[in-house]
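These notes concern the structure reproduced below.
The values are calculated or read from the model by the stated rules, or taken from the named source; none is laboratory data. Note that the structure is a prediction, hence the values are computed from the model and not measured. All Cβ positions, glycine included, derive from the backbone under ideal geometry; neighbour counts span all protein chains shown. The area values use the complete protein model at the heavy-atom level, side chains included, leaving out ligands, DNA and RNA. Shrake-Rupley method; radii C 1.70, N 1.55, O 1.52, S 1.80 Å.
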Amino acid sequence: MEFRHIKKAVFPVAGLGTRFLPLTKDIPKEMMPLIDRPLIHYGVDEAVASGCSEIVFVTGTGKETIHQYFQHSKDLEVHLEQTGKKDLAEQLKKIPELAVFYYTLQEKPMGLGHAVLCAEEFCRNEYFGLLLPDDVMLADPTVLSQLESVRKEYGGSVLSLEEVDHEDTSRYGIVDAEEVEPGVYRVKGLVEKPDPKEAPSNLAIMGRYVLSPSIFRHLKGIARGRGGEYQLTDAIASMLREEPVYALIYKGRRLDCGVREGWIKATVTMAMRDPDLKKIIMDTVWKETGKKL
Ligand code: G1P
């Protein structure tokens, strides 16, 4: 059968962002800045760079700013043009044109699996990309494109993996898998956030997936799992009995912006890539500590 690249990307953005309270009381965590743009913009850029032209946000209440961010701000664009800031106006105009954006409401946060199920109407019978925007990925080609290359070669759904320290297995979905070529695995089983003593490996699922549309049927069949939530991992484990699931240790760097220390590190990492911002960081550290970096 002819291989058709994914065109649709799903972003679950209904989480409450409790790790960043009080900041996230009124600001969605996906709108937290990383230098000059919100986290969600990085994820959307990755999806677009991977060939996706349609994006669905699975949102919750209080997430209106995400909607607004991907719309035109006519007044602001006109103001910038009239005050000689054409470049900035052009930059803003491109944001709503990145893709076609759709929104669907997840009425209550009942887990990642439930959020993905809310996107069923939008994905219908096509393979789709799933991106968790807390993870900002620095990779070329994009992580989603790397997963697509594996799908092209082997078929089935493809998950992104990282090797983690054994004591960290309880933070991630963990796979039991057999390596079929360096870095590429055929998944035999999955467990959501296992205790290190029970983890089948140290291969942890990260926030990028290419999923078969069959996942929706399996999502409807699972019971509440870890933490009383509907877990995507459990639906993938169920799908595995009927169709292949592969996983790839992707090449690139992940900035975990879902926790405070990760977000600070990500900010410094991104700033150090810009010569002007790098100088500001170096000078500030010097001023604050008396030490030159
Ligand atoms: C979710 C998934 C988990 C995966 C992780 C990657 O967990 O349930 O399997 O490893 O994303 O970021 P969460 O971080 O939403 O608790």
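Just the residues that are away from the ligand (no atom under 14 Å from the Cβ) and out of contact with any His (no Cβ under 9 Å at 6 or more places or on another chain), please, taken from the stretch 223-239.
The answer is Ala223, and nothing else.
Assess whether Arg260 counts as being modelled with pLDDT under 95 and within 27 Å of Glu179 (Cβ to Cβ).
Values: modelled with pLDDT under 95: yes; within 27 Å of Glu179 (Cβ to Cβ): no.
No; evaluated as a whole, the condition is false for this residue.
Can you pull out every residue in the stretch 190-211 that is more than 9 Å from the ligand (Cβ to nearest atom) and surrounded by fewer than 21 Cβ atoms within 10 Å (Cβ to Cβ)?
Pro194, Asp195, Pro196, Lys197, Glu198, Pro200, Ser201, Asn202
Could you tell me how many of the residues in the stretch 145-162 are in contact (Cβ under 8 Å) with a residue 60 or more places away in the chain and either touching a Leu at 6+ places or on another chain (Cβ under 7 Å) or acidic (Asp, Glu) (or both)? Walk me through how you get there before you give the answer.
Applying the first criterion (in contact (Cβ under 8 Å) with a residue 60 or more places away in the chain) to the stretch 145-162 yields 145-148, 150-152, 154-162.
Now drop any that are not either touching a Leu at 6+ places or on another chain (Cβ under 7 Å) or acidic (Asp, Glu) (or both), which leaves 146-148, 150, 157-158, 160-162.
Going through the stretch 145-162 one residue at a time, the tally reaches 9.
Please work out which residue is nearest to Leu159 (Cα to Cα), limiting yourself to the stretch 241-257 and to residues that are buried (at least 19 other Cβ atoms within 10 Å of the Cβ) and within 15 Å of the ligand (Cβ to nearest atom).
Ala247
Restricting the search to the stretch 152-189, which residues are open to solvent by 30 Å² or more (accessible area, probe 1.4 Å), within 14 Å of the ligand (Cβ to nearest atom) and assigned to a strand (DSSP E or B)?
Within the stretch 152-189, Glu162, Glu163, Asp176 qualify.
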